[in-house]
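Any read-out appearing in this document is the output of simple, stated calculations on the displayed coordinates, not a laboratory observation. It should be emphasised that the depicted structure is a prediction, and the values quoted were computed from it without experimental measurement. Virtual Cβ from ideal backbone geometry, glycine too; neighbours counted across all protein chains shown.
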Amino acid sequence: MSNLSRRDFLKMGGLAAAFGTAGVVTLNQNGPAAIQHDTNHEGVNVHVMQQGDHGDLPGTVGEVDHEKNGFNPTNILTDFDYGKVSTLPNGQTLREYKIVAINKNIEVIPGLEFPAWTYNGRIPGPTLRATEGDRVRIQFTNGSNHPHTMHFHGFHPAEMDGVPGTGPGGLVEPGGSFTYEFDAEPFGLHLYHCHIFPLARHIAKGLYGAFIVDPREGRPPVDHEMIMVQHGLDVDFDDENDFYAVNGIPFHYQNHPIQFRVGEKVRIYLVNILEFDLLNSFHLHASFFHYYPTGTSLTPAEFTDTIVQGQAQRGILEFSYKHPGMYMFHAHVTEFAELGWMGMFEVLS
Ligand SMILES: [Cu+2]
């Protein structure tokens, strides 16, 4: 049995490209690093790093079963959950959300299922969205077999912090539930994730999502708003990422380019929750974007084509294109890009 490091994936990709045949690996249940270059063992055959649809770019062959997964990254882009809205006696807007933690096998690469821990059955979890000053009430139920929490970034009382030692919301046992409630502030782009130890494992398994707090006056209108949550996939549990992705599925937006038109204004809410690697990045081809770190100001801090985010850093990008065509966007960490963090914008005239 020869173990395969993630760099071997790249080597195999080279072979696949050279000989025009897919590299095939098998993931079985024999424990960490049990990825084998062998098609005869029981397990899941995975085609990796074969030539994709766009010239010589690395990519995957075939398509994951989005229906079985229960989510499609194309839909996640614009799937903002504003909650069930009502008005409190004091006039404040109340937004109520229901979140369930469940274990779920998600097909992340055609033929390869990742035994994920999820919020509402998807990676990332729902993009919760509120306006500054709204009361948010999140009824969290733990439908899995490990304790979990929801730890939000933003202002809230200690007992709503979702960290062990802060009361019942700090550790929700399997079968248990807790309601996190606080006012949405400050405005900006935030996130939530599980905060049970070992933390890296609980996050890497898929327990994270974006939390957008819109300014009271709103942001200037744009033609398209999208959420992109950057993360890794450690499919053999050796505390190293085997694949990288935005919104759950590696290479998804390479295989399914995101379409908009020349001159249209695009706003991306970009979150980094990558475990095990220190930095992630976002690079836009053939255009520049205005960047609003953490989204906490309405004045951009930078006009650039590349930004770097550490874990839990996030920011808002605004841009448009002058010319029609296909343009890449990807991590400007080449290894991440070649292992899945790569996408295409299809700019129509
Ligand atoms: Cu957890």
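Placing dummy labels 7 Å off each Cα toward the beta-carbon, the span from N105 to E185 is 4.8 nm.
Just want the ordering: S287, S144, S297, from fewest to most Cβ atoms lying within 10 Å of their own Cβ.
Working: S287 16, S144 19, S297 13.
So the residues, fewest neighbours to most, are S297, S287, S144.
A cut-off under 12 angstrom between Cβ atoms defines the neighbours of G133, and their net charge, with Lys, Arg +1 and Asp, Glu -1, is -3. Measuring spread by the Cα atoms of region 108-265 yields a radius of gyration and Dmax of 17.1, 52 Å. For region 224-348, the Stokes-Einstein estimate of translational diffusion at 4 °C and a viscosity of 1.567 mPa s comes to 89 µm²/s, using the Kirkwood hydrodynamic radius over alpha-carbon pairs. Quick one: P(r) of region 75-136 from all Cα-Cα pairs, 5 Å bins, percents rounded to integers, in order of increasing distance. Over region 75-136, the share of Cα pairs per 5 Å bin runs 4, 17, 19, 17, 15, 10, 8, 5, 3, 1, 0 percent. Computed extension gain for K68 through S297, at 0.36 nm per residue and net of the alpha carbon distance, reaches 78.5 nm.
How much net charge surrounds F114 when only other residues with a Cβ under 14 Å from its Cβ are counted (Lys, Arg +1; Asp, Glu -1)? Charge balance near F114 sits at -3. Diffusion coefficient (Stokes-Einstein, Kirkwood radius over C-alpha pairs, 25 °C, 0.890 mPa s) for region 75-185: 163 µm²/s, rounded to a whole number.
For region 325-345, the residues whose backbone nitrogen is under 17 Å from a point 7 Å from the Cα of T306, taken along Cα to Cβ, are 328-339, 341-343.
The separation of region 285-349 from region 156-191, counted between C-alpha centres, amounts to 31 Å.
In terms of other Cβ atoms within 10 Å, D214, D134 run from fewest to most in the order D214, D134. Sites listed here are trypsin sites (Lys or Arg not before Pro) in region 157-223 whose DSSP assignment is loop and whose Cβ has at most 12 other Cβ atoms within 10 Å: R216.
The ellipsoid equivalent to the alpha-carbon distribution of region 162-236 has semi-axes of 28, 20, 9 angstrom, derived from the gyration tensor eigenvalues as √(5λ) and listed largest first. Sorted ascending by nearby beta carbons within 10 Å, beginning with the fewest, V262, V108, V235 become V262, V235, V108.
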